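Quick note: the coordinates plus some simple rules give every number you see, no bench work behind them. Only a predicted model underlies this, so the values are computations on that prediction, with no experimental measurement involved. Using ideal geometry, Cβ is built from the backbone for each residue, glycine included, and neighbour counts are taken over all protein chains shown.
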Amino acid sequence: MNKAPIKTLHLTNAYHQASGGIGVFYRNLLKAANEHERFACLVVPAAETCVEEVGKYARIFHVKARRAMFGDSRYRLMLPPQYLFSDKTALRQILLQEQPDLIEICDKYALNWLAGLIRKGFIKGLQRPVLVGLSCERMDDNVRAYIGRNDFFRKLARIYMGTCYLPMFDYHIANSEYTAAELHQAMHDKHKREIFVCPPGAGFEHLENAERTSEDRDRLLNQIGGSHKSALLLYVGRLSKEKNIPLLVEMMKSLFYDEGIDYHLLIAGDGPLAGWLAKDGMNRAHRRLSLLGHISDTTALATLYANCDAFVHPNPREPFGIAPLEAMAANLPLVAPAAGGVLTYANSTNAWLGHADGESFADSVRLLFSDAHKRKQKIIRARQTAREYTWASVMAKLFALYDEMHENFPTLPFAPKA
């Protein structure tokens, strides 16, 4: 007799209506939960508290929370005071109502303490679920981007990870070997935990049907003031400090002086650096930039991929990178750093990899356009690689891992005894 599927509950602060990678991941998780007929709940911060039903088996709990005080103000944060002290708080009420078999938390700063609270049995009436920490970014990279590159801060981040994050959970999942490396480096023998690597996927299905048409291409060229000589480079992603956005400006500054090809960079995304790009970045790149804003419509985004000539991804510390993988699925040549989580799928046979600086990226772009035969071969291999990361296959593997964790949890030395 088959066992009933376990119920999972997922919490994250890295979510808003226009959020990128993590938001895409969770939306596909809820879609797959319905397809696999297994109950899944997502808890996210919002302007107002409400419940959103997502099919028969999934729902999103929106919990009222304040906007982030620094960084990207589009995000809101569920903070410890919203769950630490009272069973009447919205977060605790959700847990008591849902009684999940497994709780997964994607947050290293504000929600990890909730896992510690549950481990200690401080939420009365809640059955002890399996507690999983999901890492979709590295803390040391965020510290480097927002606080400083001083070695002291890096060591402080490692101490925090080893004492305040890793021990809170029973298992850990990372979205790439690059992200998992920080967990391994910070782990102490006293708090040994299994770490699993489960890469996310790409929306291969909607990209597969998108085709370049002369009408769409002409419309795009007219929008940016281009011509038939224009080579359209594309970046899709958040415009924030940790994404190494200034590299794109330096790349365009170098490419501006090339004769024969009119390079133009299209940027689809939003974030704290949008204002800087629109003013200083535009001037430094000799106005060869076009800011398209965030594109939420998947069909429009697929059409944009299909009608550009190459995708450039500047971040050498990208935890994984869904957008570059989608570019590969859309037959778009990829230029990326030879570092970070993009190496999960990108290599010298299917992408143009180099150092993470503007001149090196400009050289990779020139190389890409200089050899049509090699470009065609790499595009074919890239598409084959992308097929290995369909959301359907990714989610099937993730659900199987959840089930395995739940089944094996009672055998762990720190599991509560019956």
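Provide the per-residue ³J(HN,Hα) series for the range 79-95, in order, calculated from phi with Karplus coefficients 6.51, -1.76, 1.60 and θ = phi - 60°, each as a whole number of Hz, with x at glycine and proline positions. Values, residue by residue: 10, x, x, 7, 8, 6, 10, 9, 6, 8, 5, 4, 4, 5, 4, 4, 4 Hz.
Determine the equivalent ellipsoid of the chain by diagonalising the alpha-carbon gyration tensor, then write out the semi-axes as square roots of 5 times the eigenvalues, largest first, rounded to whole Å. Let's see the in-between values first.
Numbers: eigenvalues 311, 99, 84 Å².
Whole-Å semi-axes of the equivalent ellipsoid: 39, 22, 20.
Listed by chain and number, the lysines placed with their C-alpha closer than 26 angstrom to that of Lys378 are Lys229, Lys243; residues fewer than eight positions away on the same chain are left out. With 30 Å as the limit on Cα-Cα distance, the pairs of Lys108/Lys253; Lys124/Lys241; Lys3/Lys108; Lys31/Lys155; Lys88/Lys120; Lys7/Lys124 that go past it are Lys108/Lys253; Lys124/Lys241; Lys3/Lys108; Lys31/Lys155. On the principal axes of its alpha-carbon atoms, the range 204-389 has extents of 40, 37, 33 Å, going from largest to smallest.
Summing charges over all other residues whose Cβ lies under 13 Å from the Cβ of Leu304, with Lys and Arg as +1 and Asp and Glu as -1, gives -2. Out of the chymotrypsin sites (Phe, Trp or Tyr not before Pro) in the range 1-70, which ones are loop residues according to DSSP with at most 10 other C-beta atoms within 10 Å? Answer by residue number: Phe70. Note on Cys50, Cys198, Cys136, Cys308: ascending count of other Cβ atoms within 10 Å places them as Cys50, Cys198, Cys136, Cys308, the fewest first. Residues whose amide H lies under 5 Å from that of Ala174, counting only those 5 or more places away or on a different chain, are Ser135, Phe196, Val197, Cys198; hydrogens are built 1.01 Å from N in the peptide plane.
Across the chain, the relative contact order, built from alpha-carbon pairs under 8 Å that are at least six residues apart, equals 13 percent. Evaluating 6.51 cos²θ - 1.76 cosθ + 1.60 at θ = phi - 60° for every residue in the range 110-127, the Karplus couplings come out as 10, 9, 4, 5, 5, 4, x, 4, 5, 4, 7, x, 7, 9, 5, x, 9, 5 Hz, glycine and proline recorded as x.
Test of understanding: in a Gaussian network model of the chain with alpha carbons linked when under 10 Å, which of Ser86, Ser364, Ser290 would top the mean-square fluctuation ranking? Most flexible of the set in this elastic network: Ser86.
Using Cα centres only, tell me the gap between the range 318-392 and the range 33-106 in whole Å. Centre-to-centre (Cα) distance: 35 Å. For Lys243, what is the net charge nearby, where nearby means another residue's Cβ is under 13 Å from its Cβ and Lys, Arg count +1, Asp, Glu -1? So the surrounding residues net to -2.
The loop-placed trypsin sites (Lys or Arg not before Pro) in the range 144-184, going by DSSP, that have at most 11 neighbouring Cβ atoms within 10 Å of their Cβ come out as Arg149.
Each of Glu182, Glu318, Glu211 has some number of other Cβ atoms within 10 Å of its Cβ, and from fewest to most they run Glu211, Glu182, Glu318. The trypsin sites (Lys or Arg not before Pro) of the range 1-44 that DSSP puts in a loop, and whose beta carbon has at most 14 other beta carbons within 10 Å, are Lys3.
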